[in-house]
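Here is the structure we will look at.
The values are calculated or read from the model by the stated rules, or taken from the named source; none is laboratory data. The model shown is predicted, which means the values in this text are computed figures rather than measured ones. Glycine also receives a Cβ, built like all others from the backbone with ideal geometry; neighbour counts cover every protein chain displayed. To get the accessible areas, we keep the full protein, side chains included, count just its heavy atoms, and leave off ligands, DNA and RNA. Shrake-Rupley method; radii C 1.70, N 1.55, O 1.52, S 1.80 Å.
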Protein chains: 4
Amino acid sequence: MYKQKSKLNLLRQKIHIIIYGTNTVAGRLFDLILLGLILLSVFLVMLETVKGFDVKYHHELIVLEWIITVFFSLEYLLRIYTTNQPRKYIFSFFGIIDLLAILPMYLSLFFIGSKVFSVIRALRLLRLFKILNHPKFTGQSLHIQQALRASRGKIIVFIYFVLISTIIIGSIMYIVEGEENGFTSIPISIYWTIVTLTTVGYGDISPATPLGQFIASMVMILGYGIIAVPTGIVTAEFSKTNTDKTAPEKQVCENCGVGNHNPNAKFCHRCGHPLTLE
Amino acid sequence: MYKQKSKLNLLRQKIHIIIYGTNTVAGRLFDLILLGLILLSVFLVMLETVKGFDVKYHHELIVLEWIITVFFSLEYLLRIYTTNQPRKYIFSFFGIIDLLAILPMYLSLFFIGSKVFSVIRALRLLRLFKILNHPKFTGQSLHIQQALRASRGKIIVFIYFVLISTIIIGSIMYIVEGEENGFTSIPISIYWTIVTLTTVGYGDISPATPLGQFIASMVMILGYGIIAVPTGIVTAEFSKTNTDKTAPEKQVCENCGVGNHNPNAKFCHRCGHPLTLE
Amino acid sequence: MYKQKSKLNLLRQKIHIIIYGTNTVAGRLFDLILLGLILLSVFLVMLETVKGFDVKYHHELIVLEWIITVFFSLEYLLRIYTTNQPRKYIFSFFGIIDLLAILPMYLSLFFIGSKVFSVIRALRLLRLFKILNHPKFTGQSLHIQQALRASRGKIIVFIYFVLISTIIIGSIMYIVEGEENGFTSIPISIYWTIVTLTTVGYGDISPATPLGQFIASMVMILGYGIIAVPTGIVTAEFSKTNTDKTAPEKQVCENCGVGNHNPNAKFCHRCGHPLTLE
Amino acid sequence: MYKQKSKLNLLRQKIHIIIYGTNTVAGRLFDLILLGLILLSVFLVMLETVKGFDVKYHHELIVLEWIITVFFSLEYLLRIYTTNQPRKYIFSFFGIIDLLAILPMYLSLFFIGSKVFSVIRALRLLRLFKILNHPKFTGQSLHIQQALRASRGKIIVFIYFVLISTIIIGSIMYIVEGEENGFTSIPISIYWTIVTLTTVGYGDISPATPLGQFIASMVMILGYGIIAVPTGIVTAEFSKTNTDKTAPEKQVCENCGVGNHNPNAKFCHRCGHPLTLE
């Protein structure tokens, strides 16, 4: 009896290593299959919405979808079974995403034909963000996050300024162009302003009066120019973190107190005293 | 009699702290309510211009608008009453904005149905710029302003160059494409050039002749490339101010009080007094 | 006789100072009037092409145009008369522009109604580039030119790469989309590719087949991404010239040979020896 | 007999120098003619697809095309004949491109009227990339490649993030806007998202519901802002390689041969040997 429990425990541990780990061959294989199935399932969700395709291969799509759902369900249950803190996993971000990846298919048995349920399955895609935790990308990903976090304050001030400008310009264009030229309300005018300021320029609404076209030209030049602000902010942060990384800030010569040594310097560049390596 | 005046003075002071200050609980609460009301009032101005909505809730919108106007009016009067320099406030930028925020509603009693009056109320939005004076954002906001001010000269030269190019390209396109392809006049051609150069690209006017399309392609590549110039200018300024910040700001000469020393300076660069290393 | 010639010479010198110089009051006033007239004349050229306006004010426009032309002609003749090297001026860039600014009006007397002649007058605008020689802007303008010249080699390689990619992508899209979807020839397909790659996106031609839309998506992401290359090149140059400017490279301490002093340092930061100011 | 072979060998060597070398006058002339013919042939491919032109000059186009093809064929055969490693050349990237440049014309004799064959000839253009091997551009080209390679990791993470966002936003817009507003399937919605996020904005599909327009506005601001990320990454790399270049590259320790010293280093950072100041 005890032995059997121990055997079960061993199995549980083995599955844990396969599902959660990335160091064993089996673990990596499992990750690869999972990645492939997620991509396949998202691809299926897309194809289902394409008219001609769904009519032709409706049956095959459903069968494939159920196979994937069963696999994901098994994986979900095994994850809960083999972890030591099942509650923590279930209510974690990825735990909820994992549940949302399988729930819609079961619910579709009861609520037939709901388009929303069908599309929620596309959220499985969010599981792909897990890959960014892979050691190969962690450094890169962290560096980007770090630069963005450092420039957050300035970016917020910038977006705040842009949004207020957007509302004011939108209100002015609503008066100038009026409803007969497609600026049917202030919210629509603001939508047009954002389309123009960000240089997207659909052309579904475009100014028709000379004054409107003049203001629009100013808005375009403004939008073309102020892109320099967020770019400048983020670039300065990237450059800074680059510099910080290459410069060992704490290595100071014991003899003369000079810092700013080369990353792999062994002797002080001013007095020639040996440096103690940290 | 004297006591009563003193009491009144005390009340005035208390209100002053609530309205102008941001350090007390009441002051912060007042700021929050004000912020909410400004947003609500701007939201109302927007909704009023949406056809279906205005017809349905016309009465409710008017009532809400009057409540907000009365609150803003009270706030305006209290600001004048509690400040020591009422004239300075009234003719300050934010003083005028505060007045423009309430005036249109009273004027609309006499001049009924003016769309312009209605929309001027959207200028209340400008009051939101006050938030950027909040200590949390001042630093960030100053940094952006500083970088933009430093690059102002170069940006003006750049815009000057772009505007002249715009007029010349517009004139050429007017000759090349002509009125039959939508380039009905030089101002319209210039408008098209700005739309193209800033990569907005509405498509309301687009070249139809091979030569016109060739010139348009050149303009697009030009516009795509020269965005690098303002971005480069602003980014260089951001990087520079960044570097200035990381330099030890606190090392000050004990003898003459001068700062801004080299990172590894041993002697003051102004008086030659030895610096104490921190 | 001699005296008269000397008097004439004096007048010639005086006019020279007014026309070519910018230091006297009269010289600056002359420059301002000239600037105003150039702007007015370009504005007139624009207005003439606006249908409704030209019909209404045809007579007034012609009269104004002749006044400006006579003034420009006088200025042109005086420039030739007062300079010491008339040949050099006549065949210089601005000399030719100055001639082109007046010639079309006289030619229009013989060749009536030519639109091209009329628009050439817009080249007067090029005279405005003279302003960039003004001491206020020279520094800024030089800095931009310097950064662009330094990055010229890399920009050429980049544009070369973009142009070849454009032709290849255009050829592929011509095969994929075909004439029925607006891609009527390879040149048109290349035009579409440039419109897409530079993120202008008119929408006059847009892919209709799934494969075409997929390739278009790739082109867009490519175009969105590679803007980083010219921006990066130019920004790096701006940052470099910035750094070069702030660091006085030649001030070296006579006593210990250390450089890298503060711009206004009076004493060496390493040994405290007084610095000799250059 | 031996002499004849030697003579042939000499001829082979001479041709080798002309075809592969760039140092002799003949070699440079050959390169220029080749460059001209490649451009001409690509130009011909383009013109052939223009309807009116092909009808008018069909015969001339064909003759010119055959002349170019014969020249290219001769060049191809001579390249194989004169190189010491014909196999290596044939299966190299440029060897395959050179073959693809002539093959379609011969195949068109058997498979008449195939548009695809005709357009493949445009691949001749790829031969132009050879120019980037020219010493004049190698440095510049390498610098760009180096900066891009250094930022590859971060760019991949960024594109990964953008692609997943694109699919999620596309799915949401498919539900919100629906088929009646042009969002006929998820792939089409994703296509729209990419068009919007990259600020291309064709306008062939554009949101019509208020909620859709609100989400579109958010996507535009997101797209407008995140361009800062790749730009920041690449710019930081360009700045870094720039800085490395300005650092004194030639100061090498006499004792141990190590370089890369601090600008004002007095002792070698590896062995402590005093550095001789230049």
Determine the pairs where a residue that is more than 8 Å from chain A (Cβ to nearest Cβ) and open to solvent by less than 20 Å² (accessible area, probe 1.4 Å), located within segment D:155-169, has a partner that is among the β-branched types (Val, Ile, Thr) and assigned to a helix (DSSP H, G or I) with Cβ atoms under 6 Å apart, the partner being 6 or more residues away or on another chain.
D:Thr166/D:Ile190; D:Thr166/D:Thr193; D:Thr166/D:Ile194
Can you work out which of the residues in segment D:198-216 that are part of a helix (DSSP H, G or I) and open to solvent by less than 10 Å² (accessible area, probe 1.4 Å) is farthest from the other protein chains (Cβ to nearest Cβ)?
D:Gly212
Which of the residues spanning segment C:181-191 are more than 10 Å from chain B (Cβ to nearest Cβ), of a type outside the set (Gly, Ala, Ser) and open to solvent by 10 Å² or more (accessible area, probe 1.4 Å)?
C:Asn181, C:Thr184
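Checking the structure you have, find out if any residue of segment D:41-51 is in the same structural domain as D:Leu126 (by TED's automatic domain parsing), more than 24 Å from C:Ile172 (Cβ to Cβ) and either open to solvent by less than 50 Å² (accessible area, probe 1.4 Å) or in contact with a Leu (Cβ under 9 Å, 6 or more places away or on another chain) (or both).
no
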Would you please name the residue that is modelled with the highest pLDDT, looking only at residues in segment C:79-98 that are of a type in the set (A, V, I, L, M, F, W, C) and open to solvent by 60 Å² or more (accessible area, probe 1.4 Å)?
C:Phe91
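Can you go through B:Arg149, B:Arg121 and tell me which one is within 14 Å of chain A (Cβ to nearest Cβ), farther than 20 Å from B:Ile233 by Cα, assigned to a helix (DSSP H, G or I) and among the basic types (Lys, Arg)?
B:Arg121
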Checking A:Ser141 against (1) more than 8 Å from every other protein chain (Cβ to nearest Cβ); (2) under 27 Å from the mean Cα position of the chain (by Cα), which single condition isn't satisfied?
(1)
Matching residues in segment C:217-252 (part of a loop (DSSP other than H, G, I, E, B) and at pLDDT 80 or above) number 1
Can you tell which of A:Ile62, A:Ile67, A:Ile80, A:Ile120 is in the same structural domain as A:Gly27 (by TED's automatic domain parsing), farther than 23 Å from A:Gly21 by Cβ and touching a Pro at 6+ places or on another chain (Cβ under 8 Å)?
A:Ile120
Any chance D:Phe72 is surrounded by 11 or more Cβ atoms within 10 Å (Cβ to Cβ) and modelled with pLDDT under 85
no
In segment A:217-236, how many residues are within 7 Å of another protein chain (Cβ to nearest Cβ) and touching a residue at least 40 places away in the same chain (Cβ under 8 Å)?
5
Residue among B:Ile164, B:Ile175 that is in contact with a Leu (Cβ under 8 Å, 6 or more places away or on another chain) and modelled with pLDDT under 90:
B:Ile164
Tally the residues that are open to solvent by 50 Å² or more (accessible area, probe 1.4 Å), more than 21 Å from C:Asp54 (Cα to Cα) and of a type in the set (Lys, Arg), restricting the search to segment C:99-132.
1
Could you tell me which of the residues A:Arg12, A:Arg87, A:Arg28 is touching a residue at least 24 places away in the same chain (Cβ under 8 Å) and basic (Lys, Arg)?
A:Arg12
Can you name the condition, by its number, that B:Ile194 falls short on among (1) open to solvent by 30 Å² or more (accessible area, probe 1.4 Å); (2) within 11 Å of chain A (Cβ to nearest Cβ)?
(1)
Looking at the structure I just gave you, is D:Gln145 over 30 Å from D:Thr196 (Cβ atoms) and in the same structural domain as D:Gly232 (by TED's automatic domain parsing)?
yes
Of all residues making up segment C:144-154, the number that are more than 14 Å from the chain's Cα centre (by Cα), open to solvent by 60 Å² or more (accessible area, probe 1.4 Å) and closer than 15 Å to B:Ile226 by Cβ:
2
Being within 14 Å of another protein chain (Cβ to nearest Cβ), among the small types (Gly, Ala, Ser) and under 18 Å from C:Phe94 (Cα atoms), is that true of even one residue in segment C:37-54?
yes
